[in-house]
Amino acid sequence: MANDYKTIVKDGLWDNNGVFSMLLGMCPAMAMTTSATNGFGMGLATAAVMAASSFLVAVFRSRITQEVRIPVFILIVAAMVTLVDLAMNAWMHELYKVLGLFIPLIVSNCLPLARLEAFAAKQPALPSLLDGLFMGLGFTIALTAIGAVREIIGSGTLFADASLLFGPAFKAMELRLLPTDMGVLMMILPPGGFLVTGLLVVVKRMVDLRAGKEIQMGGAHSVA
Amino acid sequence: MLKLQRLPTVFVVFVGLATGTRVGAGDTAMIAVATKNPMLVRAWRRMHGFGVAARNDWHRTCEASVKQIIRRIMNVPDTLPAESVATVTQTPRTLMHGVILGAFCLGFGLVLAITDRLTLADIAARALEDRQNSLSQVIPAAIHDNNPVTDTLLMKDGRDKEITVYRARKDGRVTGVAYEIYGTGYAGEIRLMLGVAADGKLLGVRVLAHKETPGLGDKIEVKKGDWILRFSGLSFEDPPPERWKVKKDGGQFDQFAGATITPRGVLGAIRSGLEFFAANKAKLTEGS
C-alpha cells in the first residue's frame, strides 16, 4: 500500500504531471502564468479544489450512478470552487484580490474532472484525496515553472508581487534579474504562453528520456 | 387503505406517469427503502434476491403484499401470474438517476447556502473597506470630517447609468465628491474612481479594475507607474475640455510607449466624468 501512495505522489508531481504529461488544464496553464506568483497562486487554489472534490467523489462513489456521474462530478467541483471563492473573499481578502478573478475558472479546468473520472470514481477516499492533492501540486509546479520562465524573460523579474500573495514577509522573494524595460514583452502576451509551455514539455520529455524512462503518452486514463 | 408511509412511493409513481418517465417498480421499491417503510424494504430485498429465503409466514405475507402494491401501482391485472410482477420490477431505474442528481444538488446547494450565510457579513465588510480605501486615495483626509462611504447620493450619469456619488464634507459643507467612471480600454472596460473638489478641480483619479495588457496598458495602475497622478489639480478650465485627449488625438496628455488606446480610454472616462460634474454641479455640491 505504501508503494501505491508513493506511485500516486510521483505520478502527480512528475511522471504523469497534469500539464507536462497529460497536457490537461492548458487554459489556466497559459492564461494565468504571466508571472510565477500568479501561476503559484492559481496552482494552489486548484490543488485545494482538486483534493476536496476527489475526496468527496471517492466517498460518494458507490452512490453515484454511471449515468449521472459527470453532472454530479461537475456539481461537486463547482460547489468546492464556490466554497473556496466565498471563504477566501471573506477571510483572505488580500489574496482574493489577486486571485479572485481566476478562482471561478477552476470549474472549467479539465484536469480536476479527468482525475475524478479516472481515479476518484474508482478508488477509496484516502488515495483519492492524495491523488487530487498531488495532481494539484504537480499542476502548481508546472504553472509556477511556466510563470517563472515567462516572467524572467518577459519582465525581468521573478516572483514579483509575492508579498501581495503571501504577506510582507515574502518581500525578499521578489527578485529583479534584468533591468527594467529589458523584457521581451511577447513572453507575457499569449504567444509566450504557448512557446514556454511547449518548450517545457520538451524539456520534461528530454529529462525522462535521459533517465531511461518510458515516455508516458498523454491521456487522463493512463494511470488510474 | 392508503397508509401515510406509502405516500412518497405513490407520489413518485404519479410524477413518473405524469411526466412520461418510465417508472420501474424498482424505483418505487428504492423510494420505499429511502422512506424506511420496513415492510416494503424487506419484501423488496426478498424480491431482488438480496435477503434470505422467506423464513416464516410473516415474511410471506410481506412479500405477497408488496407484490400486491406493485400490481396496483403498475396496473398489472390480477389475472397475470406473479412472474410478470417480477418482470415489471426489472424496468430501468430512469428516475433513480434524477433522484440521485437531485439529492446531490440539494445537499451541495445547502452547503453553499450555509457558507454564503456565514461569509455574508465578512464579505460586505471587506467590500466596504475596499471602497473606503479607493475613496481615501481620491479624497484627501484633510478636506473632510465625515465618512464619505456612507454619505452617498444616487444619480444618473450621461449614459443613463446609475452611479453612486460619495460626498466629502467639512463642517457640513460639501468640499468634494467622488464617483466611479468608466472608459473603454484595449481589452474591455476600465473602471476608475474620480475625485473632484467642489470648485471643479480634480482631486485624483485611481484605477479600480481593468483588463489591459500586463507590461503595457497596466501602467495606468498607481503601483506600476505615476502616469495616473498627473491629473490632480487640473480641471476643465485648465486645460480646456477639447485638450483633454492624448497627444496623438490633438490633446495635451502623453500616451505611453506602446499603448495609446489605454490612455485614450482613461482620458475619455475622465472627460465624461468632468462633464458629469459640470452638468450636475449644483446638485452635487448642494449645501456647500
Partners for B:Lys248 among lysines (Cα-Cα distance below 19 Å; same-chain residues under 8 apart left out):
B:Lys219
Candidate aspartates and glutamates - alpha carbon under 13 Å from A:Lys204, same-chain residues fewer than 8 apart omitted
A:Asp15, A:Glu214
Here the membrane-span-like helices of chain A, with no claim about any membrane, defined by DSSP H, Cα axial extent at least 18 Å and mean Kyte-Doolittle at least 0.5, are A:36-60, A:69-91, A:125-155, A:190-210
Cross-link reach from A:Lys171 to lysines, straight Cα distance under 16 Å and at least 8 residues apart if same chain, gives B:Lys223
Reduced to Cα centres, the span from the range B:267-288 to the range B:154-216 in Å works out to 10
Which values of log₁₀ I(q)/I(0), to two decimal places, follow from the Debye formula for the range A:10-210 at q = 0.08, 0.16, 0.19 Å⁻¹ with a uniform point scatterer at every Cα?
-0.28, -1.01, -1.29
Which residue, A:Ile141, A:Ile106, A:Ile64, tops the fluctuation ranking in a GNM of chain A built on C-alpha contacts under 10 Å?
A:Ile64
The range A:17-135, relative contact order [Cα under 8 Å, separation at least 6], %:
42
Based solely on its DSSP helices, what 222 nm [θ] is calculated for chain A when runs of n ≥ 4 H residues each add -39,500 (n - 2.57) and the sum is averaged over all residues, nearest 500 deg cm²/dmol?
-19500 deg cm²/dmol
Estimated vicinal HN-Hα couplings, Hz - the range B:192-201 in sequence order (Karplus 6.51, -1.76, 1.60; Gly, Pro = x):
10, 10, 10, x, 10, 6, 4, 8, x, 7
Taking the Cβ of each residue in A:Ser128, B:Ser272, B:Ser134 as the centre, tally the other Cβ atoms inside 10 Å and list the residues starting with the fewest.
B:Ser272, B:Ser134, A:Ser128
Specify the residue with the greatest mean-square fluctuation among A:Met173, A:Met26, A:Met88, computed from a Gaussian network of chain A linking alpha-carbon atoms under 10 Å apart.
A:Met173
Mean separation of Cα pairs under 8 Å and 6+ residues apart, divided by the residue count of the range B:135-284: what relative contact order is that in percent?
19
If I build a Gaussian network model for chain A, linking alpha-carbon pairs within less than 10 angstrom, which residue out of A:Pro179, A:Pro112, A:Pro191 has the largest mean-square fluctuation?
A:Pro179
Least to most buried among B:Trp227, A:Trp91 (fewest other Cβ within 10 Å first):
A:Trp91, B:Trp227
Relative contact order in percent for chain A (Cα pairs under 8 Å, 6+ apart) equals 33
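Since every read-out is calculated from the coordinates, none of them should be taken as a lab result. If you're wondering where the values come from, they're calculated on a predicted model, not measured in any experiment. All Cβ positions, even for glycine, are placed from backbone atoms using ideal geometry, and neighbour counts span all protein chains on display.
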